[in-house]
């Protein structure tokens with residue numbers, strides 16, 4: 001037995017040692033030397049205390065080749081998953097359950113558009129040469145190092161990364177903005193199946209005769225639209241990859257800051273995941289320096305700053321997608337009516353590789369208006385073809401040049417010119433400079449639509465309302481430069497001036513920021529800007545509750561319920577960890593929606609509505625409208641009113657919170673009910689969640705607060721879905737000492753020390769220095785990696 005125990009101990013030690021050796025070989029190298037082909041000169045890369053590379057090169061080609069190399073060693077799996085998702089190739093490594101997702105992304109034609117885009121690029125342009133060098137760095141790393149752990153677990157074959165992969169990922173990012181797939185079907189269903197009275201709470205213009213005109217939808221078509229909306233949401237939610245959801249950004253001129261120079265703040269709101277969406281890198285070469293935040297497979301920073309200027313982004317949220325119901329020729333189902341005649345649908349066959357199974361064949365069809373999204377459903381599609389018009393597929397969209405130039409835009413004129421080249425997705429670019437300027441440009445190509453057409457609904461392809469003669473000039477886009485009020489704020493709300501169709505967020509978050517920024521008594525600096533980014537309050541809760549409080553007071557059953565209602569009455573809309581009122585309000589909000597709307601919409605459309613911004617707009621208006629038809633429960637013979645539905649929602653909310661969080665309302669604290677877990681694509685299966693996921697953390701903030709740690713409307717407890725993907729603050733009196741924070745960590749390599757080292761500081765509201773000055777980089781270096789030209 002003694003010998004057996006010794007042998008077992010040896011086996012265990014050997015296994016642990018082998019595992020440690022295996023994992024060690026997967027870790028990033030942040031010290032020492034490595035050789036690269038096609039380097040012109042040695043490149044020095046110093047890694048700071050957060051694992052951020054500070055890259056110093058002697059020319060631009062070496063700079064971007066080195067960036068690709070270090071980006072790949074930290075984020076190669078993220079790059080692989082994003083390109084496979086965007087090009088419809090996930091089933092090849094994840095199996096048949098991903099065929100639906102692949103079919104959807106093939107139907108969107110992202111890969112086809114990317115291939116066309118690459119074919120027409122100027123191979124001699126600086127942006128293209130930088131992209132080629134960046135890709136060369138990625139591929140050299142991949143070819144010379146062990147595969148990431150996830151590649152081994154999934155059996156992912158290595159293959160070179162290409163420019164088409166990069167553009168495809170840009171297409172995925174554009175698609176992730178698109179609310180039309182979830183919103184247009186449900187609003188059209190409400191209009192056509194329920195009627196105009198039901199649309200009133202959504203604050204939309206209504207066409208009494210129906211915008212579809214001669215093209216009507218049958219039950220099977222509604223099922224199609226619901227399935228497409230569900231598939232669209234599922235593809236984004238289950239991929240464990242970035243999805244843009246909102247954002248805050250503001251710039252304050254020197255007249256309103258403590259330092260006398262402009263101050264820039266930004267925190268794009270994106271779905272949380274591991275790895276985090278942004279990869280930070282400090283780039284330096286003769287004539288160029290930038291501290292940037294990069295997306296996977298993008299050599300040019302999407303967010304960035306240096307000593308002269310900086311910028312941040314929010315979603316414009318303009319409606320750049322139309323869903324179009326086509327009229328089919330009764331004598332030929334492969335023809336649709338277009339401009340007074342029957343025209344043939346275009347057909348293309350593709351094949352989806354599936355792990356462990358035979359490839360899946362699919363037929364993709366297009367009408368003159370765009371690809372038919374019904375083809376995402378395969379053989380189960382209904383009879384009415386629904387075409388997709390999408391600005392990403394229709395505009396020239398020189399994104400490479402746009403962001404290459406934005407990374408170098410040290411004047412208002414240069415920043416404006418770069419913004420004009422962003423066609424899709426629509427972005428708000430908020431810019432500031434050390435010379436004293438601030439600016440904002442709503443960057444997008446806005447389509448010209450016929451007068452009276454409301455693109456919030458599905459359009460009629462046969463009646464001319466889906467036709468678009470072109471795009472409006474960039475000068476027509478909303479924009480401001482050095483406004484007299486001394487600040488600019490962008491928070492995804494409807495911009496002023498000429499109406500622009502879009503799926504905008506509630507005004508409450510923007511109003512909250514504007515209320516603080518317009519206070520002339522405040523001089524803004526890095527400290528009070530932190531407090532504003534971390535503000536967990538909103539006016540949404542109090543204004544939604546205001547018309548309901550008399551009803552709630554009237555229906556309170558006992559002293560405990562009366563006390564809870566008075567807590568809601570006194571509540572200011574803030575969401576700190578110890579708030580029980582925030583928990584009660586958010587539960588009640590869902591129950592009101594469920595009790596009032598599920599019976600009319602049915603399970604499928606109600607679920608889709610929960611994932612739209614249209615519901616955010618509707619609920620306060622519903623609460624204030626005692627005569628709304630939504631209050632009647634169609635499942636009963638009686639006609640219910642607002643008080644009866646509110647009573648039911650209130651009682652159900654209390655019952656659920658007691659069952660979930662305990663009988664004592666004092667224990668219904670927001671931090672217990674509202675948590676954040678950063679999910680890895682492999683962490684959705686147990687026990688891999690323990691290895692790859694990060695969290696849970698009790699999360700302050702909430703839906704549409706400045707600290708927008710947001711969960712979907714639903715029942716307690718709530719899992720935070722999205723929020724600030726980075727927080728950045730730059731005072732241009734001292735831009736070398738800016739502040740920032742990453743929600744998880746710089747590295748995407750499991751078991752690396754920078755995999756999750758910022759997760760707790762992030763949730764605690766802490767900030768870290770973003771080193772730009774040479775003395776700070778030197779003082780905080782933790783490793784030096786030298787890339788040297790390979791021997792020829």
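Confirm whether residue 22 is assigned to a helix (DSSP H, G or I), at pLDDT below 95 and over 20 Å from residue 745 (Cβ atoms).
For residue 22, the condition - assigned to a helix (DSSP H, G or I), at pLDDT below 95 and over 20 Å from residue 745 (Cβ atoms) - is met.
Residues 171, 220, 213: which one is modelled with pLDDT under 75, under 21 Å from residue 374 (Cα atoms) and either buried (at least 24 other Cβ atoms within 10 Å of the Cβ) or in contact with a strand residue (DSSP E or B) (Cβ under 9 Å, 6 or more places away or on another chain) (or both)? Quick ask: steps written out before the conclusion?
Working: 171 fails: modelled with pLDDT under 75; 220 fails: either buried (at least 24 other Cβ atoms within 10 Å of the Cβ) or in contact with a strand residue (DSSP E or B) (Cβ under 9 Å, 6 or more places away or on another chain) (or both).
Only one candidate qualifies: 213.
As an exercise: evaluate residue 635 against (1) surrounded by fewer than 15 Cβ atoms within 10 Å (Cβ to Cβ); (2) in a helix (DSSP H, G or I); (3) at pLDDT below 95 and give the number of the one condition it does not meet.
(2)
With respect to the numbered conditions (1) within 30 Å of residue 71 (Cα to Cα); (2) in a loop (DSSP other than H, G, I, E, B); (3) touching a helix residue (DSSP H, G or I) at 6+ places or on another chain (Cβ under 7 Å), which one is the sole condition not fulfilled by residue 756?
All conditions are met except number (3).
Applying the selection to region 502-517, what residues are in a loop (DSSP other than H, G, I, E, B) and under 20 Å from residue 572 (Cα atoms)?
506, 507
Somewhere in region 533-544, is a residue in contact (Cβ under 8 Å) with a residue 24 or more places away in the chain, in a helix (DSSP H, G or I) and farther than 24 Å from residue 248 by Cα?
No, that holds for no residue.
Is it the case, given these coordinates, that residue 371 is in a strand (DSSP E or B), without any contact (Cβ under 8 Å) to a residue 60 or more places away in the chain and under 26 Å from residue 102 (Cα atoms)?
Working: in a strand (DSSP E or B): yes; without any contact (Cβ under 8 Å) to a residue 60 or more places away in the chain: no; under 26 Å from residue 102 (Cα atoms): yes.
In short, no.
Just give me the residues in region 89-108 being modelled with pLDDT under 95 and outside any helix (DSSP H, G or I), in sequence order.
90, 95, 108
Before we move on, is residue 659 over 13 Å from residue 555 (Cβ atoms) and in a helix (DSSP H, G or I)? Outline the logic, then answer.
Numbers: over 13 Å from residue 555 (Cβ atoms): yes; in a helix (DSSP H, G or I): yes.
Yes: the conditions hold for residue 659.
For the condition closer than 28 Å to residue 204 by Cα and free of Cβ contacts under 8 Å to residues at least 12 places away in the same chain, what is the one hit in 443, 391, 451, 456?
451
Just wondering, is there one or more residues in region 240-252 that are farther than 30 Å from residue 366 by Cα, modelled with pLDDT of 95 or more and part of a loop (DSSP other than H, G, I, E, B)?
Among the residues of region 240-252, not one is farther than 30 Å from residue 366 by Cα, modelled with pLDDT of 95 or more and part of a loop (DSSP other than H, G, I, E, B), which makes the answer no.
I'd like the full set of residues that are outside any loop (DSSP other than H, G, I, E, B) and over 16 Å from the mean Cα position of the chain (by Cα), limited to region 306-325.
Narrowing region 306-325 to residues outside any loop (DSSP other than H, G, I, E, B): 309-315, 318, 321-325.
Across region 306-325, the qualifying residues are 309, 310, 311, 321, 322, 323, 324, 325.
For region 377-399: of the residues being farther than 17 Å from residue 444 by Cβ and out of contact with any strand residue (DSSP E or B) (no Cβ under 9 Å at 6 or more places or on another chain), which is modelled with the highest pLDDT?
Step by step, filter region 377-399, then rank; the result is 377.
Any residue in region 647-660 that is within 23 Å of residue 199 (Cα to Cα) and surrounded by fewer than 17 Cβ atoms within 10 Å (Cβ to Cβ)?
Restricting attention to region 647-660, the residues satisfying the condition of being within 23 Å of residue 199 (Cα to Cα) are 649.
Now restrict to residues that are surrounded by fewer than 17 Cβ atoms within 10 Å (Cβ to Cβ): none.
Within region 647-660, none of the residues are within 23 Å of residue 199 (Cα to Cα) and surrounded by fewer than 17 Cβ atoms within 10 Å (Cβ to Cβ).
Name the residue, out of 685, 712, that is at pLDDT below 95 and touching a helix residue (DSSP H, G or I) at 6+ places or on another chain (Cβ under 8 Å). Talk me through it step by step, then tell me what you get.
Numbers: 685 fails: touching a helix residue (DSSP H, G or I) at 6+ places or on another chain (Cβ under 8 Å).
None of the other options fit; the residue is 712.
Taking the stated definitions as given, is residue 559 at pLDDT 95 or above, surrounded by 22 or more Cβ atoms within 10 Å (Cβ to Cβ) and either within 24 Å of residue 659 (Cα to Cα) or touching a strand residue (DSSP E or B) at 6+ places or on another chain (Cβ under 7 Å) (or both)?
So residue 559 fails the test.
Please verify whether residue 569 is part of a loop (DSSP other than H, G, I, E, B), surrounded by fewer than 16 Cβ atoms within 10 Å (Cβ to Cβ), in contact (Cβ under 8 Å) with a residue 12 or more places away in the chain and out of contact with any strand residue (DSSP E or B) (no Cβ under 8 Å at 6 or more places or on another chain), treating the condition exactly as stated. Full working, then the answer.
On the way: part of a loop (DSSP other than H, G, I, E, B): no; surrounded by fewer than 16 Cβ atoms within 10 Å (Cβ to Cβ): yes; in contact (Cβ under 8 Å) with a residue 12 or more places away in the chain: yes; out of contact with any strand residue (DSSP E or B) (no Cβ under 8 Å at 6 or more places or on another chain): yes.
Considered against the rule, which asks whether it is part of a loop (DSSP other than H, G, I, E, B), surrounded by fewer than 16 Cβ atoms within 10 Å (Cβ to Cβ), in contact (Cβ under 8 Å) with a residue 12 or more places away in the chain and out of contact with any strand residue (DSSP E or B) (no Cβ under 8 Å at 6 or more places or on another chain), residue 569 comes out as no.
Considering each residue of region 703-726, count those that are over 15 Å from the mean Cα position of the chain (by Cα) and not in a loop (DSSP other than H, G, I, E, B), and give that number. Break it down stepwise before answering.
Start the filter on region 703-726 by keeping residues that are over 15 Å from the mean Cα position of the chain (by Cα), which leaves 705-707, 713-719.
If we keep only those that are not in a loop (DSSP other than H, G, I, E, B) as well, we get 718-719.
Residues flagged as over 15 Å from the mean Cα position of the chain (by Cα) and not in a loop (DSSP other than H, G, I, E, B) within region 703-726 amount to 2.
What's the total number of residues in region 39-53 that are part of a strand (DSSP E or B) and closer than 19 Å to residue 276 by Cα? Reasoning before the result, please.
Taking region 39-53 as the starting set, the residues that turn out to be part of a strand (DSSP E or B) are 43-47, 53.
Those still in the list that are closer than 19 Å to residue 276 by Cα too: 47, 53.
Residues that pass the stated criteria total 2.
With respect to the numbered conditions (1) closer than 14 Å to residue 99 by Cβ; (2) more than 29 Å from the chain's Cα centre (by Cα); (3) touching a residue at least 40 places away in the same chain (Cβ under 8 Å), which one is the sole condition not fulfilled by residue 352?
Here residue 352 clears every test but (2).
Restricting to region 480-501, and then to whatever is touching a residue at least 40 places away in the same chain (Cβ under 8 Å) and at positive phi, can you tell me which residue is surrounded by the most Cβ atoms within 10 Å (Cβ to Cβ)?
492
The values are calculated or read from the model by the stated rules, or taken from the named source; none is laboratory data. Since the structure is predicted, the reported quantities are computational estimates derived from the model, not experimental observations. Neighbour counts run over all protein chains shown; Cβ positions are idealised from the backbone, glycine included.
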